[in-house]
Amino acid sequence: QVQLVESGGGLAQAGGSLRLSCAASGIIFSINTMGWYRQAPEKQRELVAVFTKGGSTNYADSVKGRFTISRDNAKNTVYLQMNSLKTEGAAVYYCQAGGLLGRGSRLIDFACWGQGTQVTVHS
C-alpha cells in the first residue's frame, strides 16, 4: 500500500506564492508518474503539473510560466512551487502517483491519490 501525504496549502494573496509538497510512503519499488491535480467547487478535477513516465513534465496551459514542479527521488517527494497566484487557482490540490510497489516477492502496479490540500487565493 502506498500513501501520499500533501502539505503546504493555505491562504495566499493574488500575486503571491505557495509551495506544495507530497511525500509517498510504502514499499515502493519505483514511481513512474507523480504530480498535481486540482478541483475547484462544482468543477472537474484537472491536471496542474505532472512528471510523466518518461520523466518529462506536463503543465496545464493556465499555469505555465508560473508554477514549477520538481521532485526529490530519494525522498519519493514531489513539489509544486506556485508563483503569481490567481484567484481562479483556488481549489483543492491533489497529489497523484503511479508506479510499482513490493508485495511479498512480487511487484504490482499502484496508482493512488492524496487526501488533498486546500489552496485559497484572495484578491
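The values are calculated or read from the model by the stated rules, or taken from the named source; none is laboratory data. Just so you know, these numbers come straight off a predicted model, no measurement behind them. Please note: Cβ atoms are built from the backbone with ideal geometry, for glycine as well, and neighbour counts cover all protein chains shown. In case anyone asks, the SASA skips ligands and DNA or RNA and just uses the protein heavy atoms, side chains included. Shrake-Rupley method; radii C 1.70, N 1.55, O 1.52, S 1.80 Å.
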Practice prompt. Please give every one of the aspartates and glutamates within straight-line cross-link reach of LYS75, meaning a C-alpha to C-alpha distance under 14 Å, and leave out same-chain neighbours fewer than 8 residues apart.
Written response: GLU6
Discussion item. If I measure Cβ to Cβ between cysteines in the chain, which ones have no partner under 4.7 Å?
Written reply: CYS112
Response to the item:
Taking a straight Cα-to-Cα line shorter than 21 Å from LYS86, and setting aside same-chain lysines fewer than 8 residues away, one finds LYS43, LYS64
Practice prompt. Roll a 1.4 Å probe over the protein chains and send me the accessible area per residue for the chain in Å².
Written response: 55 Å²
Discussion item. How far apart, in nanometres, would the label points at SER70 and ILE27 be if each is projected 7 angstrom from Cα along the Cα-to-Cβ direction?
Written reply: 3.3 nm
Discussion item. Using a 1.4 Å probe on the protein heavy atoms only, what accessible surface does VAL121 show? Give it in Å² to the nearest 10.
Written reply: 10 Å²
Response to the item:
For the chain, averaging the sequence separation of alpha carbon pairs under 8 Å that lie six or more residues apart and dividing by its residue count, the contact order in percent is 37 percent
Item to complete: Could you tell me which of CYS112, ILE27, SER84 has its Cα farthest along the dipole of the stretch 3-123 towards the positive end, charges placed at Cβ (Lys, Arg +1; Asp, Glu -1), taken about the Cα centre?
Response: ILE27
Discussion item. Between the stretch 1-49 and the stretch 104-123, how far is it from one alpha carbon centroid to the other, in angstrom?
Written reply: 6 Å
Worksheet entry | For a label point 7 Å along the Cα-to-beta-carbon line of LYS43, residues of the stretch 99-122 with backbone N under 13 Å | 119-121
Practice prompt. Mind grabbing the accessible area of SER56 for me, 1.4 Å probe, Å², rounded to tens?
Written response: 60 Å²
